[in-house]
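Below is one structure, written out as structure tokens, with a few remarks after it.
The values are calculated or read from the model by the stated rules, or taken from the named source; none is laboratory data. Since the structure is predicted, the reported quantities are computational estimates derived from the model, not experimental observations. Neighbour counts run over all protein chains shown; Cβ positions are idealised from the backbone, glycine included. Heavy atoms of the whole protein, side chains included, go into the accessibility calculation; ligands, DNA and RNA do not. Shrake-Rupley method; radii C 1.70, N 1.55, O 1.52, S 1.80 Å.
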Amino acid sequence: MAARRALITGATGQDGAYLAQFLLERGYEVFAGYRRSSGPSTWRLEALGIAQDVRLVPLELLEMTNVLRCLDVVHPDEVYNLAAQSFVGVSFEQPLYTGDVTGMGTLRLLEAVRVLGQGLRFYQASTSEMFGNSRESPQSESTPFAPTSPYAVAKVFAHWSATTYRHAHGVHACCGIAFNHESPLRGMEFVTQKIALGLSRVRSGRQEHLSLGNLDARRDWGFAGEYVVAMWKSLQHPRSDDYVLASGESHSVREFVNLAARCLDWDLEWQGSSDQAVGVDRKSGRVIVKVDPALVRPSDVDHL
């Protein structure tokens, strides 16, 4: 029997790399879509020891003809759409680009699947950011969306596009509404890595202090290596559906900072109001963390 084929958009990112590793272990042929204009950054695939086993294919989500050509050439059994402009802060600076890549890019893929993909299964990486400042907690598959950033708005568009193609065109489209998930492969732009890297630089003397934004934002943090297994499992069901992927616990950014500081033998005491807070080491009196108002988003999500 021929090996199943999977096409992963965003395969060089954290989730894409872990998913590629998981699928290879299950005997899949794995194709990684990448933007030709930027060239693939394969360090995550290399870190997992799978760079030589993944086949790179140029895929531009802004160009419909290229999307069609890529699917026609690869002829995958499963498509995992993990590609996006995924930085919430950047989405306020580049809202049109974010909407085109994250929202319309998904629609282009879905239309290509409808045209070419007989029997093809499609996974859409939705996000808990779509819930925004929801009045309902904890959130579930039936919680109404209330996006508070251009990124979240684009993801809602992509999510509803997938569900529309499921119901209107019979596409086997599954959406995984994933809450925050982290790992050593997480990008340095995300707060968990920013905290870990920043505090290590402060400890080694390469940085005076760590600057952060909203310390009181609460998130549900899980491990990316487990979430990609859930992505695959959700796509194997006979009927496509939407699934929340989460740990069921939420913690504040401040808690995360405190735990990371303890790993470096600091015991932080917080002083000042939330928008001007500083974290001071109780033993040395040294300022380790400062809130920088410039890092607070124009519209932030308080509790997911």
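Determine ³J(HN,Hα), in whole Hz, for all residues of the stretch 132-147 in sequence, where each value follows from phi through the Karplus function 6.51 cos²θ - 1.76 cosθ + 1.60 and θ = phi - 60°; x replaces Gly and Pro.
x, 8, 5, 7, 9, 8, x, 7, 9, 4, 9, 5, x, 7, 9, x
Determine the order of M130, M188, M64 by accessible area, beginning with the largest, at a probe radius of 1.4 Å. Walk me through the numbers on the way to the answer.
Numbers: M130 0, M188 110, M64 55 Å².
Of M130, M188, M64, the descending order of accessible area is M188, M64, M130.
Compute the separation of the alpha-carbon centres of the stretch 126-170 and the stretch 12-56 and state it in Å as a whole number.
The distance from the Cα centre of the stretch 126-170 to that of the stretch 12-56 comes to 27 Å.
Counting only heavy atoms of protein chains, what accessible area per residue, in Å², does the stretch 213-304 have with a probe of 1.4 Å?
With all protein chains present, the stretch 213-304 gives 53 Å² per residue.
Taking H placed 1.01 Å from N in the peptide plane, check which residues at least 5 places from R218 or on another chain put their amide H under 5 Å from its amide H.
Counting only residues 5 or more places away or on other chains, the set is H303, L304.
Please report, in debye to the nearest 20, how large the charge dipole of the stretch 173-255 is about its Cα centre when each Lys and Arg carries +1 at its beta carbon and each Asp and Glu carries -1 there. If you can, show how the numbers build up before the last one.
Details: 10 positive and 10 negative charges, 63 e Å.
In debye, rounded to 20, the stretch 173-255 gives about 300.
So how tilted is helix 14-25 from the main axis of the chain? Cα-based, degrees 0 to 90, rounded to 10.
Helix 14-25 sits roughly 50 degrees off the main axis of the chain.
At R0 = 41 Å, how high is the FRET efficiency between H251 and H75 if r is their beta carbon distance? Nearest 0.05 is fine.
On the way: r = 43 Å, r/R0 = 1.06.
For H251 and H75, the calculated efficiency is 0.40.
Got a sec to turn the phi values of the stretch 181-187 into Karplus ³J(HN,Hα) couplings, 6.51 cos²θ - 1.76 cosθ + 1.60 with θ = phi - 60°, whole Hz, x for Gly and Pro?
These are the phi-based 3J(HN,Hα) values: 9, 10, 4, x, 8, 5, x Hz.
Given an 8 Å cut-off on Cα distances and at least 6 residues of separation, report the relative contact order of the stretch 1-88 as a percent. List each step's numbers first, then the result.
Details: 135 pairs, mean separation 34.2, N = 88.
About 39 percent, as a whole number.
Towards the positive end of the charge dipole of the stretch 136-204, with charges on Cβ (+1 Lys, Arg; -1 Asp, Glu), say which of M188, P147, V171 has the farthest Cα.
So the residue furthest toward the plus end is M188.
Tell me the carbon and sulfur percent of the accessible area for the chain, rounded to whole percent, probe radius 1.4 Å. Let's see the in-between values first.
Details: 7310 of 14370 Å².
Here carbon and sulfur together make up 51 percent of the probe-accessible area.
Could you list which residues have their amide H under 5 Å from that of H172, counting only those 5 or more apart in sequence or on another chain, with H placed in the peptide plane?
The answer is F122.
Could I have the simple spin-label model distance between H237 and K290, label points 7 Å from Cα toward Cβ, reported in nm to one decimal?
4.9 nm
So if each residue of separation counts as 0.36 nm, and I subtract the Cα-Cα distance between Q52 and R201, what length gain in nm does that give?
On the way: separation 149, 0.36 × 149 = 53.64 nm, distance 3.29 nm.
Gain on extension, Q52 to R201, equals 50.3 nm.
Multiply the residue separation of R4 and S41 by 0.36 nm, subtract the distance between their alpha-carbon atoms, and state the gained length in nm to one decimal.
Values: separation 37, 0.36 × 37 = 13.32 nm, distance 2.51 nm.
Gain on extension, R4 to S41, equals 10.8 nm.
Run the dipole for the chain about the Cα centre, Lys and Arg Cβ at +1, Asp and Glu Cβ at -1, nothing else charged, and hand back the magnitude in debye, nearest 20. Write out the running numbers ahead of the final one.
Values: 30 positive and 34 negative charges, 85 e Å.
In total the dipole reaches around 400 debye.
Around L245, which amide H atoms from residues at least 5 apart in sequence, or from another chain, sit under 5 Å from its own amide H, with H modelled in the peptide plane?
Excluding prolines and chain starts, which carry no amide H, the hits are I177, A178, F179.
Once label points are set 7 Å from the Cα along Cα→Cβ at both E269 and E93, what is their separation, rounded to one decimal in nm?
Distance between the two pseudo-spin positions: 3.7 nm.
Put +1 on the Cβ of each Lys and Arg and -1 on the Cβ of each Asp and Glu in the stretch 1-131; which of N66, T98, F131 then has its Cα farthest toward the positive end of the dipole?
The Cα lying farthest towards the positive end belongs to N66.
Of the GluC sites (Glu not before Pro) in the stretch 227-286, which ones lie in a loop per DSSP and count no more than 16 other C-beta atoms within 10 Å? It would help to have the intermediate numbers written out before the result.
Working: sites: E249, E255, E269; in loops: E249.
Passing sites in the stretch 227-286 are E249.
L116 to S140: extension gain in nm, 0.36 nm per residue of separation minus the Cα-Cα distance? Intermediate results must be reported in sequence, preceding the final value.
Numbers: separation 24, 0.36 × 24 = 8.64 nm, distance 3.28 nm.
Length difference between fully extended and current span is 5.4 nm.
Taking the Cα centre of the stretch 44-177 as the origin, how large is its charge dipole in debye, to the nearest 20, when only Lys and Arg (+1) and Asp and Glu (-1) carry charge on their Cβ atoms? Mind dumping the intermediate values first?
Numbers: 9 positive and 13 negative charges, 45 e Å.
Dipole about the Cα centre, nearest 20: 220 debye.
Comparing V257, V73, V202, which has the greatest mean-square fluctuation in the GNM of the chain with Cα pairs linked when under 10 Å apart?
Judging by the Gaussian network model, the answer is V73.
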